[in-house]
Each structure stands twice: as structure tokens, then as C-alpha cells.
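The values are calculated or read from the model by the stated rules, or taken from the named source; none is laboratory data. Just so it is clear, the structure is predicted and the values come from calculations on it, not from any experiment. Using ideal geometry, Cβ is built from the backbone for each residue, glycine included, and neighbour counts are taken over all protein chains shown. Just so you know, the surface numbers come from the protein's heavy atoms only, side chains and all, with ligands and any DNA or RNA stripped out. Shrake-Rupley method; radii C 1.70, N 1.55, O 1.52, S 1.80 Å.
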Amino acid sequence: MGFDTSLDMARPSGFGVRHWQAILLFIGMMINYFQRVDISAAIVPMTQSTAGAPSYSWNVSEKSLILSSFFWGYVVSQVPAGLLAKRFGAKIVLGTATAVGGILSFFHPMAAASGWESVCVLRILTGLVQGTVYPCVHTLLAKWVPRTERGFLTTGIYSGAQFGTALILVTSGFIFESSLGWPGLFHLSGGLSLAWALLFFWQAANEPATARSITKTEQEYIESLTGSNSSSQSMPVPWMSIFKSPAFYGLLAAHCGFTWGFYTLLTQMPTYMNKVLQLDVKSNAFLSSLPYLAMGVLCLVVSPISDVLTNRGFISITTARKLFNSIGQWGPMACLIGLGYMTADQKTWAILLLTLAVGINAGCSCGYLINHIDLSPNFAGPMMGVTNGIAGVTSIVAPLVVGAILTEEEDPNQWRLVFFITGAIYLVCNTLFVIFGKATVQSWNEPTSMSSTIALRNNFENDSQTISPTTVKDNRF
């Protein structure tokens with residue numbers, strides 16, 4: 001099959017400013033996930049008597065409220081964050097929010113001494129500032145990532161979430177057993193957050209036109225292949241058109257399914273390994289990190305595969321999004337069904353299934369996660385705010401459901417029900433994405449006039465092989 005290489009020939013060679021921006025955002029994702037994951041790791045030693053660190057006798061319901069309270073604030077700030085990023089620029093919003101979240105991290109040990117209710121308040125405030133992360137990053141991606149590099153750069157940036165989760169979990173065991181104790185984990189998160197925010201304010205840019213030392217060639221290359229209008233900050237968000245779009249609801253369903261599964265395991269895995277698999281704190285911390293390390297690595301494997309398949313015209317972009325999202329949700333569904341039958345005598349198999357259940361989620365990074373930019377480069381940030389906000393409701397509900405089911409945390413039969421419910425949600429939500437999902441730029445992306453985005457869609461056939469001629473097979477979905 002022949003294909004046009006003109007886009008590859010126009011690509012600037014070597015390390016560019018867009019790559020430096022991607023590295024900054026990758027590190028930022030890691031550190032912001034320190035802020036949200038530290039409580040999931042620390043909740044175990046915080047409720048066990050350990051030398052040199054205070055402990056608290058919180059019951060299962062209280063721990064579930066602590067774990068879910070982050071998302072009470074997280075849900076509320078999503079849409080406002082997307083609008084703020086669009087109005088004032090994502091750089092100032094994301095940098096400020098990360099710095100504030102870092103300051104809040106320092107106060108967690110003091111809040112715990114005051115009671116679990118105080119911890120919930122801090123987690124709500126942390127959720128409020130963390131709610132800016134995905135809308136801001138999506139706003140920046142729409143400006144910085146060329147369509148031909150969308151799979152790899154976008155997935156590479158968002159893989160920072162998995163590497164950050166893995167890093168905080170694997171190091172937490174050593175921190176807990178050191179003289180710092182579990183409070184040291186929150187102090188580390190706070191210090192790194194403040195340091196990154198200073199670096200980000202210094203080096204980041206809202207778009208190529210305002211970046212330091214970018215070449216004219218790279219700027220023109222990025223701007224010609226993003227499909228994001230330079231005047232999008234002043235464009236009104238077409239809310240009615242978005243909420244009438246079937247493709248939006250397919251995307252929303254996929255986002256909700258991923259969030260329920262991912263955060264159920266994120267918040268409950270340390271407890272499961274401790275209570276059912278009977279692992280000590282250090283082993284628990286290390287093994288809890290493995291699934292997220294696997295997911296981070298697999299993100300970097302599947303993203304170039306997705307780019308090759310679409311850029312060379314083997315499958316359409318819509319087909320690619322559905323294929324990889326199905327791998328990322330139906331694969332973990334199968335693993336969770338098997339995990340429901342594991343016991344403490346089958347530690348190795350249980351850990352393997354947990355690692356696969358989270359690791360295979362990497363497929364979603366080339367599925368729903370970048371679909372906002374496919375549908376509307378100009379409004380990717382506000383759209384991410386809406387879907388992440390609604391999906392965040394599942395992050396509140398999931399730990400509460402788990403808390404209601406687990407009357408005995410050592411009972412594998414109760415955990416089986418938790419895993420089966422999660423698998424069923426994966427099944428239903430991804431099925432809706434397969435039915436309704438699309439990856440074409442929608443007409444409401446440019447509500448007023450023909451623009452660079454529409455031209456981009458017409459000239460390069462955004463839903464077909466991005467640099468190959470359109471054929472009948474590309475319109476099957």
C-alpha cells in the first residue's frame with residue numbers, strides 16, 4: 001500500500017521544544033499523582049501500630065470516606081478548571097494548582113492527629129486543586145502535539161501518572177520503615193510539587209507561538225498539524241452541540257468505566273494485599289507498585305503501535321481508538337474475574353492477575369484518553385473537564401461501594417463481589433464506546449467559520465489513515 005511521506009519529511013529533526021514541553025508535563029503528571037496516591041499507600045501504616053509514627057483506629061467506613069473524599073473536590077473543579085485554562089492559559093492554572101496541592105500535602109500529618117474528619121477536609125481541598133490537572137494538560141496537548149505524533153507524545157505524557165503511582169508505592173515501604181515514618185511520604189510529595197511548579201512557571205508555554213527558543217520550522221509544523229485554532233481562547237464553548245453528540249456520550253461511558261476500575265484498584269489494592277494476601281508493609285508497597293509500573297511501560301509500547309497503524313493507513317483512527325480501548329477495558333475485566341477466585345495460598349497468581357488487570361489498562365491511553373482531542377482540538381480542555389468530572393463521581397462511589405461490601409476485609413468472597421462488579425462496569429462502558437465512539441473532528445469544533453481544523457479534516461481525512469488515501473474500509477465505523 002502506497003502512502004505519502006510529505007508530512008514525515010516536513011517534521012523537524014532532532015529534539016524540539018515540543019519534546020521539552022512533553023517532558024515537563026510527564027514529570028508534572030508523576031508529581032501530581034504523588035499528591036493523590038500518597039493517602040492510598042499511607043492508609044495502611046496510619047492504621048497500624050508502628051514504631052516512631054502515630055497510628056489511628058479508623059474503621060473500614062472511615063477509611064473509605066478518607067479515600068473517596070479526594071474525589072468530592074475533584075469532581076467539582078473539573079469544568080471550572082477547563083474554562084479557566086481556556087480563558088487564562090493552562091500554564092498559570094496548572095502551575096498554581098500543583099503548588100497549592102504541595103502545600104496541602106505538608107498538613108496531612110497534622111490533620112490526621114486531629115481526626116479522620118480533618119483528613120477528609122484536606123483530601124477534598126487536594127481534590128479541588130488536582131481537578132485542574134487533566135483539563136489543563138489536555139488544553140496544552142491540543143496546542144502542542146501534532147496529529148501525526150498524538151499517540152506517542154500524549155500517551156508518553158499521561159504515562160507519568162502510572163510511573164508516579166508506581167514510584168510513590170515502591171518507595172513508600174522504605175519511607176514507612178525509616179525514621180521519617182508515614183508522615184515523610186506527605187512531606188516528600190509537598191516538596192517535589194513546589195519544586196516542579198517553579199520549574200514549570202519558568203520553562204512552560206501555553207502554545208508554540210509564546211515558547212522560548214522555538215524554531216520557525218517547528219512552530220509551523222506543530223500549528224499546521226494540531227487543528228487547534230489560535231483564537232480558541234475567545235471562542236464560546238458549544239455546550240448544546242457537545243451534549244447532543246452521540247460520540248461524546250460514547251467517550252463519556254469509556255471514561256467512566258476506566259475511572260471506576262482504575263480507582264477501585266488504586267485505593268483498595270494495598271488493603272487487599274495486606275488483608276487477603278497477608279503481605280507485610282514493605283512487600284505490600286513494592287508489589288502494589290508493579291501493576292502501575294507495568295501500565296507505564298505498556299503505555300510506551302502501545303502508543304507507537306497505534307501511531308504506526310493509523311499513520312500508515314492500516315486502520316482508521318476511529319477503529320484504532322475502539323480497538324485499543326477494548327484491549328484496555330475488556331482485558332482487565334477477564335483478569336478481575338480470575339482474581340475473584342484467588343486466596344492467600346495463591347499469592348503469585350493473584351499478584352500476576354492484579355498486575356495484568358492494571359497494566360493492560362494501558363490500551364485506554366490510545367483509546368478514550370486522547371479522543372477528546374480527536375473530536376474537538378479547540379475544546380479538548382473543557383470536554384475533558386466534563387467527562388473527567390462526571391467520571392470522577394464514580395471515583396467517589398466506588399470506594400463507598402467497596403466499604404459497604406467489605407464487612408470483613410479478610411474475606412476473599414466479599415472481594416470477589418468487588419472484582420465482579422468492576423468487571424461488569426468495564427464490559428458495559430466499553431461496549432457503549434464501541435457503538436457510539438468516533439475519532440473525527442466534529443462540526444461544532446469550529447462553530448462560526450471554516451478554519452484550520454476543518455481544512456485539516458478535509459485535506460488529510462482525519463478518520464482515515466492520516467497520511468494515506470481514503471478507502472472504503474476507513475468509513476466502516
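Count of the range 166-194 residues, restricted to those that are open to solvent by 40 Å² or more (accessible area, probe 1.4 Å) and over 22 Å from the mean Cα position of the chain (by Cα), is 6.
Filtering the range 304-348 to residues that are open to solvent by 10 Å² or more (accessible area, probe 1.4 Å) and either within 17 Å of Tyr272 (Cβ to Cβ) or not assigned by the TED database to the domain that holds Leu265 (or both) leaves Cys335, Ile337, Gly338, Tyr341, Met342, Thr343, Ala344, Asp345, Gln346, Lys347, Thr348.
Does Val301 meet the test of being under 18 Å from the mean Cα position of the chain (by Cα), open to solvent by 30 Å² or more (accessible area, probe 1.4 Å) and farther than 29 Å from Gly131 by Cβ? Judged against the criteria, Val301 is a match. Going through (1) surrounded by fewer than 24 Cβ atoms within 10 Å (Cβ to Cβ); (2) at pLDDT 80 or above; (3) hydrophobic (A, V, I, L, M, F, W, C) one by one, Ile222 falls short only on (1). Per this entry, Lys473 is not counted among residues that are modelled with pLDDT of 90 or more, open to solvent by 30 Å² or more (accessible area, probe 1.4 Å) and not hydrophobic (A, V, I, L, M, F, W, C). Against the numbered list (1) open to solvent by 20 Å² or more (accessible area, probe 1.4 Å); (2) at pLDDT 85 or above; (3) within 17 Å of Pro183 (Cα to Cα), Val76 comes up short only at (3).
With under 25 Å from Tyr74 (Cβ atoms), β-branched (Val, Ile, Thr), open to solvent by 20 Å² or more (accessible area, probe 1.4 Å) and at pLDDT 85 or above as the only criterion, which of Val401, Val386, Val434, Val418 stands out? Just one listed residue meets the conditions, Val401. Filter the range 148-177 down to residues that are of a type in the set (A, V, I, L, M, F, W, C) and closer than 17 Å to Arg321 by Cβ and give me whichever is modelled with the lowest pLDDT. It comes out as Phe152. Scanning the range 48-64 for residues being surrounded by fewer than 21 Cβ atoms within 10 Å (Cβ to Cβ) and either in contact with a helix residue (DSSP H, G or I) (Cβ under 8 Å, 6 or more places away or on another chain) or assigned to a helix (DSSP H, G or I) (or both) gives a total of 10.
Among the residues making up the range 405-416, those that are free of Cβ contacts under 8 Å to residues at least 60 places away in the same chain and outside any loop (DSSP other than H, G, I, E, B) are Ile405, Asn413, Gln414.
Selection of helices (runs of 4 or more DSSP H) fully inside the range 67-159 by the criterion of at least 2 residues being assigned by the TED database to the domain that holds Ile373 and among the charged types (D, E, K, R) returns nothing.
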